[in-house]
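Everything on this sheet refers to the single structure shown next.
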Amino acid sequence: MIVHEIFHSIQGESTRAGLPCIFVRLTGCPLRCTYCDTPQAFHEGTAMTTEQVEAEVARHPSRFVTVTGGEPLAQEEVHGLMSRLADAGYDVQLETSGAIDISPVDRRVRIILDVKTPGSGMSERMNWDNLARLRPGDEMKFVLTDEQDYAWALGVLARRPPAPGVAVLLSPAHGVVDPRDLAVWMTRDGVAARLQLQIHKYIWGSDCRGV
């Protein structure tokens with residue numbers, strides 16, 4: 001598989017934000033979201049075997065691993081990697097765009113599914129059947145570029161309510177939507193969701209790599 005980077009940092013997103021985490025970022029993505037913050041992962045990377053990735057992960061002290069991209073499910077080998085990491089006792093989390101079928105993902109892996117809003121420019125690429133495939137412990141994430149995206153997300157949640165135990169995250173696109181505005185909208189509407197900030201960007205800055 002082609003790996004963009006492997007690093008140990010603080011998880012900045014999801015309900016597990018703030019936990020030390022090993023990131024395995026794979027190269028390549030079929031989408032081009034307007035708010036993408038890792039365009040370097042479209043092309044840059046090194047060919048590694050599953051065993052080599054696992055050995056690099058083992059160099060770090062954490063037992064929590066996030067597999068991300070790019071779009072990690074664009075590489076078929078990722079499934080074997082995630083299963084091997086789970087076999088080795090790691091707590092494995094997958095960040096995926098929602099455009100690719102998540103059915104083959106090992107059931108031990110927690111899925112963070114990014115539901116593509118109109119503001120992403122990629123909403124037509126969503127595999128909507130993926131929402132019904134989410135299980136307790138998985139999470140749905142909406143990255144919002146404006147209040148119209150927010151209203152659209154509420155409509156999706158009304159039409160396709162998440163299964164019990166699936167967390168809903170509303171995330172303001174960094175530098176585009178003021179988190180205070182999103183907080184006002186959510187408290188005004190009493191939304192049963194979590195406001196998510198990308199805390200790694202507040203710690204190290206929005207342009208810093210490998211964090």
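Per-structure values
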| read-out | value |
| --- | --- |
| Least to most buried among Asp181, Asp138 (fewest other Cβ within 10 Å first) | Asp181, Asp138 |
| Rounded tilt (10° steps) of 179-189 against the dominant C-alpha axis of the chain | 60 degrees |
| Computed E for Ala151/Phe7 - FRET, C-beta separation, R0 45 angstrom, nearest 0.05 | 0.80 |
| Proxy reagent accessibility, fewest Cβ within 10 Å first, across Met186, Met1 | Met186, Met1 |
| Estimated [θ] at 222 nm from DSSP helical runs (n ≥ 4, -39500 (n - 2.57)) normalised by residues in the chain, nearest 500 | -7000 deg cm²/dmol |
| Fewest-first sequence of Leu81, Leu157 by Cβ atoms within 10 Å of each Cβ | Leu157, Leu81 |
| Rounded Å value of the spacing that divides the Cα centres of region 41-56 and region 92-139 | 22 Å |
| Range in the chain, longest, excluding exposed trypsin sites (Lys or Arg not before Pro) [loop by DSSP; at most 14 other beta-carbon atoms within 10 Å] | 109-208 |
| Cα-projected label distance for Ala58 with Arg125, points at 7 Å along beta-carbon direction, nm | 3.5 nm |
| Net charge dipole size for region 2-204 [Lys, Arg +1 and Asp, Glu -1 on Cβ; Debye, nearest 20] | 500 debye |
| Positive minus negative residues near Asp87 (Lys, Arg vs Asp, Glu; Cβ under 15 Å) | 0 |
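Each reported figure results from applying straightforward, stated rules to the coordinates on display, with no laboratory input. The shown structure was predicted, so the numbers you read here are calculated from the model rather than taken from an experiment. Positions of Cβ are generated from backbone atoms using ideal geometry, with glycine treated the same way; all protein chains shown enter the neighbour counts.
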